[in-house]
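Participant: Before anything else, here's the structure in question.
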Amino acid sequence: MLHPQTQAIHTGHFADASNAIMPPIILSTTFERGEDGLSFPSGYMYSRYDNPNRHALEEKLNALEGGAECITFASGLAAAMAIFQSLGTGSHLILPDDIYFGVRNILEKLYASWGLSFTVVDMTNLKEVERAITPKTKLIWTETPSNPQLKITDLQAIANIAKAHKLLTVCDNTWGTPYFQQPFAMGIDIVHHSTTKYLGGHSDILGGALIFKEQSAVTEFVRNFQKIGGAVPSPFECWLLSRSLATFYARMPIHASNAMQLATYLSQHPKIEKVMYPGLPDNEYHALAQKQMRNGFGGMLSILVKGGQTAALQIASGMKIIRHATSLGGVESLIEHRKSVEGELSKSPENLLRVSVGIEHIDDLIADFGQVLAKI
Ligand SMILES: *Cc1c(COP(=O)(O)O)cnc(C)c1O
């Protein structure tokens, strides 16, 4: 078995008649039938069902997570929708209190009338998770490290609870990424990704993926949801994402080491109240993160600044290199005042800034914080 780093470059590769080293982008929406008039010799019929670039991408992503099947979507949230849709009306699910707000938004705004109900719990409190289980519960959705407070959920413990109650588990591994965290090794059933973030890595592709540890009726439903429902990524986006994955293992160590150094610097700065980063030895989740993550603790951190929302906004817009924008996981560093993005549903503290630490030189990132904090 090849190492994931090698698979990120070679798995799923295919060539056209030119034997090009880089795969072609097959834009054709339709594929010719065989001479018998019934068969599809290439295995492809119509590009919503499947196409060579999507197929190659799904093989590669599947290899990186070590799953049985990968199904890609036009966005991370379209992938989440496919899971919710598979649960059926009258179902109940359990969500963490600190979570990418868009996932919760789907359940509140789009699925309320479907009779899909949910309970929000502090997922770091296992008793609370168990108490939330009802006869209608079908699924536990986890996100670790979580957005934006970088809480760490004990995936093995959640998987054990879920198995005892015959529930499905999903881990949103967008922040963890297969480089830092392997949810399947801890008993999780389904890995969710917004590939828009670290997997894409350059803030120029929107996409989502679900990877299944084992094939099941849910996998079949989700595959149909993709093929028939049609929230599919385009061949160009699949090609671009496949290209980005080739450098994934080269980018991630720099994100992690920059984030660790920036977190250390900020944790010693008098104008910062708190740094949320599981790599810091005094972080409340450090021991658990050390147990279930590897190769570092990711490229995301959040800070609570002294001086409330006013100071937070001054810092975010006073940066010279670190750009003030939403999203994460790109080569460029971004900073964001989470509360104003999340709107009225937000549970983020008003003095919280989230930083997506890029792969610039760390001294330049520290100097950027230095110059802006000196002005506050
Ligand atoms: C961005 C993000 C999503 C949503 O993905 P989109 O690609 O924006 O639809 C879901 N979960 C996490 C953790 C994210 O960061």
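The values are calculated or read from the model by the stated rules, or taken from the named source; none is laboratory data. Values in this document were obtained by computation on a predicted structure and should not be read as measured data. All Cβ positions, even for glycine, are placed from backbone atoms using ideal geometry, and neighbour counts span all protein chains on display. Side chains included, ligands, DNA and RNA excluded: accessible areas come from the protein's heavy atoms. Shrake-Rupley method; radii C 1.70, N 1.55, O 1.52, S 1.80 Å.
Participant: With angles folded into 0 to 90 degrees, how steeply does helix 235-246 sit against the dominant principal axis of the chain? Use alpha carbons for both and round to 10.
Facilitator: 60
Participant: Related question: Give me the net charge of F101's neighbourhood, meaning all other residues with Cβ under 13 Å from the Cβ of F101; Lys, Arg count +1, Asp, Glu -1. Before the final figure, lay out each step's value.
Facilitator: On the way: positive: R104, K109, R338, K339, K347, R354; negative: D97, D98, E108, E143, D172, E336, E342, E344.
That sum, taken over residues with Cβ under 13 Å, equals -2.
Participant: Just want the answer: with Cβ charges of +1 for Lys and Arg and -1 for Asp and Glu, which residue in G37, S91, L64 is farthest toward the dipole's positive end in the stretch 1-107?
Facilitator: The Cα lying farthest towards the positive end belongs to S91.
Participant: If you count the DSSP beta bridges with both ends in the chain, what percent of them are antiparallel, to the nearest 5? Could the numbers behind the result be given before it?
Facilitator: Working: 24 of 42 bridges.
Rounded to the nearest five, the antiparallel share is 55 percent.
Participant: With charges only on Cβ, +1 for K and R and -1 for D and E, what is the dipole size of the stretch 1-82 about its Cα centre, in debye, rounded to 20? Intermediate values should be presented prior to the final figure.
Facilitator: Details: 4 positive and 9 negative charges, 46 e Å.
With Lys and Arg at +1 and Asp and Glu at -1, about 220 debye.
Participant: Oh, and also: Tell me what the chain gives for mean residue ellipticity at 222 nm when only DSSP H runs of n ≥ 4 count, each as -39,500 (n - 2.57), the sum divided by the residue total, rounded to 500 deg cm²/dmol. Present the calculation step by step, with values, prior to reporting the outcome.
Facilitator: Details: 14 runs with 135 residues, N = 376.
Value at 222 nm, helices only, nearest 500: -10500 deg cm²/dmol.
Participant: So with the 1.4 Å probe, I'd like the accessible area per residue for the stretch 279-376, rounded to whole Å².
Facilitator: Numbers: 4220 Å² over 98 residues.
For the stretch 279-376, the solvent-accessible area averages 43 Å² per residue.
Participant: Would you count, across the stretch 252-376, every pair of lysines whose alpha carbons are under 26 angstrom apart, provided the pair is eight or more residues apart or spans two chains?
Facilitator: 19
Participant: Using unit Cβ charges (K, R positive; D, E negative) and no other charged atoms, how large, in debye to the nearest 20, is the dipole of the stretch 32-136 about its Cα centre?
Facilitator: Working: 9 positive and 14 negative charges, 77 e Å.
In debye, rounded to 20, the stretch 32-136 gives about 360.
Participant: Quick check for you: with a 1.4 Å probe and neighbouring chains kept, what is the accessible area per residue of the stretch 179-224, in Å²? Don't skip to the answer; put the middle values down first.
Facilitator: Values: 1510 Å² over 46 residues.
For the stretch 179-224, the solvent-accessible area averages 33 Å² per residue.
Participant: Then there is this: Pairing the Cα long axis of helix 76-87 with the longest principal axis of the chain, what angle in degrees results, from 0 to 90 and rounded to the nearest 10?
Facilitator: 70
Participant: Under a crude label model (7 Å from the Cα following the beta-carbon direction), how far is S28 from V120 in nanometres?
Facilitator: The answer from the label model is 5.0 nm.
Participant: Still on this structure, please answer the following. If the chain between K227 and A20 were fully stretched, how many nm would it gain, using 0.36 nm times the residue separation less the Cα-Cα distance?
Facilitator: On the way: separation 207, 0.36 × 207 = 74.52 nm, distance 2.89 nm.
In short, 71.6 nm is gained.
Participant: Sticking with this structure for a sec: Taking the 0 to 90 degree range and rounding to the nearest ten, how far is the long axis of helix 52-65 tilted relative to the main principal axis of the chain, both from C-alpha atoms?
Facilitator: It works out to around 50 degrees.
Participant: Report the charge-dipole magnitude of the chain in Debye, nearest 20, computed about the Cα centre from +1 at each Lys and Arg Cβ and -1 at each Asp and Glu Cβ. Working shown, then result.
Facilitator: Values: 31 positive and 35 negative charges, 124 e Å.
That gives the chain a dipole magnitude of about 600 debye.
Participant: Something else: Bin width 10 Å, origin at 0, all Cα-Cα pairs of the stretch 163-302: what percent of pairs per bin?
Facilitator: For the stretch 163-302, the pair-distance distribution reads 11, 33, 33, 18, 5, 0.
Participant: Hey, another quick one. Ranked highest first by average number of other Cβ atoms within 10 Å, how do 207-213, 363-369, 15-21 line up?
Facilitator: On the way: 207-213: 25.6, 363-369: 16.9, 15-21: 8.1.
Put in order of decreasing packing, that is 207-213, 363-369, 15-21.
Participant: Compute the accessible area per residue over the stretch 78-123, keeping the other protein chains in place, probe 1.4 Å, unit Å². Kindly include the intermediate steps, with their values, before the conclusion.
Facilitator: Details: 1540 Å² over 46 residues.
Roughly 33 Å² per residue, with all protein chains present.
Participant: Which log10 I(q)/I(0) values does the chain give at q = 0.08 Å⁻¹ under the Debye formula, counting every alpha carbon as one identical point scatterer?
Facilitator: Values returned for q = 0.08 Å⁻¹ are -0.41.
Participant: Taking all protein chains in place and a 1.4 Å probe, what share, in percent, of the accessible surface of the chain do carbon and sulfur account for? Could the numbers behind the result be given before it?
Facilitator: Values: 8830 of 15880 Å².
With neighbouring chains kept in place, the figure for the chain is 56 percent.
Participant: What does DSSP give for the stretch 8-150 in terms of the percent of beta bridges that are antiparallel, rounded to the nearest 5? Display every interim value, and only then the final one.
Facilitator: On the way: 1 of 9 bridges.
So the antiparallel bridges amount to about 10 percent of the total.
Participant: Continuing with this model, one more query. Putting +1 on Lys and Arg Cβ atoms and -1 on Asp and Glu Cβ atoms, find which of T264, C238, F369 reaches farthest to the positive end of the dipole of the stretch 220-376.
Facilitator: Of the listed residues, the answer is C238.
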